Amino acid sequence: MASSFERALAPVALRRPGWAGRIERGSFNLVFGLLAASAVLLLVAPTVVVLITSFTNGFSLKFPPPGYSLRWYEALFTQSPEIWKAARLSVQVALLATGMSTLLAVAAALALARQTSTWAKLADSVFMSPLMLPTLALGLALLMTFNVIGVGLSFSTLVIGHVAITTPYILRTTIASLLQMDPVLLQSARSLGARPIFAFRTITLPLVLPGVAAGAFIAFMASFDNVAISLFLSDARSEMLPIRLWHNVESNLDVRTAAVSGVLISVTVIAIVVMERLVGISRHLR
């Protein structure tokens with residue numbers, strides 16, 4: 001009796017969904033497809049607008065452009081010494097901040113990875129706090145701290161502020177790489193008499209290097225594009241590129257700002273493609 005009852009129910013359980021099921025599934029896909037398309041549009045549309053505006057032949061930032069020309073790219077490369085000076089300073093600060101952040105983050109990641117104690121969780125929260133705090137509040141806090149200890153604003157304070165916001169990126173990707181590494185490898189190296197430094201140089205570092213490189217790339221971009229920290233911690237002689245561009249837009253809607261944005265977008269896209277091919281950035285951000 002039981003077997004005949006099961007045979008009677010089998011076709012009902014295995015039959016394909018009817019019109020109601022197909023309509024429900026189709027409406028679900030339609031709604032989330034429209035939401036995804038809207039999100040992509042909101043992210044891509046400003047970039048497209050800036051790129052199109054950078055080719056205008058007019059004298060102000062206006063969309064759509066009255067005509068198209070390369071005049072502002074030419075002006076950027078031939079008549080913009082103040083912009084290139086700010087760009088060189090931004091690159092210098094980003095390189096120094098990324099280098100110092102890499103040393104700090106790798107050392108911290110080696111100590112915090114696979115740790116479940118309270119102090120490890122607290123230390124991890126402290127390292128990640130710059131990403132959780134508003135950058136304006138963090139910049140103001142750093143400025144007040146330097147004033148309290150009697151340190152004036154300089155190139156060094158600017159680099160220190162950028163180190164604070166770039167270290168969490170490298171720390172997170174390095175910890176992710178360490179967690180993917182098989183701990184048996186280090187245990188085998190110790191059992192064979194390898195010293196900790198030798199094991200780190202020959203085993204740990206080569207395995208986590210893609211994660212470190214991915215984090216360093218993201219940290220460099222975050223430092224180069226940062227506004228709040230640069231605004232609070234730079235002195236009168238240190239004008240970063242984002243601040244320079246902001247002044248250009250605020251004062252006279254300088255179209256060279258759009259040309260700079262076009263160059264930065266192009267360089268960023270190329271760099272992302274290269275880094276994805278070399279180290280696979282997306283794999284270390286999951």
Quiz prompt | Label point distance in nm, residue 192-residue 263, each placed 7 Å from Cα along Cα→Cβ | solution = 5.0
Quiz prompt | Rh (Kirkwood; distinct C-alpha pairs) - region 142-286, Å | solution = 18.1
Quiz item: Around residue 68, which amide H atoms from residues at least 5 apart in sequence, or from another chain, sit under 5 Å from its own amide H, with H modelled in the peptide plane?
Solution: 57
Quiz item: If you plug each phi of region 61-74 into the Karplus form 6.51 cos²θ - 1.76 cosθ + 1.60 with θ = phi - 60°, what whole-Hz ³J(HN,Hα) values come out, in order, with x for Gly and Pro?
Solution: 6, 9, 10, x, x, x, x, 10, 6, 9, 4, 7, 5, 5
Quiz item: What distance in nm separates the simple spin-label points at residue 79 and residue 40, each placed 7 Å from Cα in the Cβ direction?
Solution: 4.0
Self-check item: Centre separation in Å (Cα based) which lies between region 228-271 and region 19-41
Solution: 39
Practice problem: Identify, among 230, 203, 143, the residue whose Cα sits farthest towards the positive end of the charge dipole of the chain, taking +1 on the Cβ of Lys and Arg and -1 on the Cβ of Asp and Glu, with the dipole about the Cα centre. | Solution: 203
Self-check item: Mean residue ellipticity (222 nm) of the chain, computed from DSSP H runs ≥ 4 via -39,500 (n - 2.57), nearest 500
Solution: -25500 deg cm²/dmol
Quiz item: What label, among (i) 22; (ii) 41; (iii) 11, belongs to percent of Cα pairs over 35 Å apart computed from the structure on display?
Solution: (ii)
Quiz item: For residue 237 and residue 147, what is the calculated FRET efficiency with R₀ set at 22 Å and r taken between the beta-carbons, to the nearest 0.05?
Solution: 0.75
Quiz item: Where the only charges are on Cβ atoms (+1 Lys, Arg; -1 Asp, Glu), what is the dipole of region 72-284 about its Cα centre, to the nearest 20 debye?
Solution: 740
Quiz item: What spacing in nm lies between the two simple spin-label points modelled at residue 103 and residue 185, each 7 Å away from Cα in the Cβ direction?
Solution: 2.5
Quiz item: Roughly how many Å is it from the Cα centre of region 52-124 to that of region 134-154, as a whole number?
Solution: 21
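We did not get these values from a lab; they are worked out from the coordinates using the rules stated. Since the structure is predicted, the reported quantities are computational estimates derived from the model, not experimental observations. In this analysis, Cβ positions are derived from the backbone assuming ideal geometry, glycine residues included, and neighbour counts consider all displayed protein chains.
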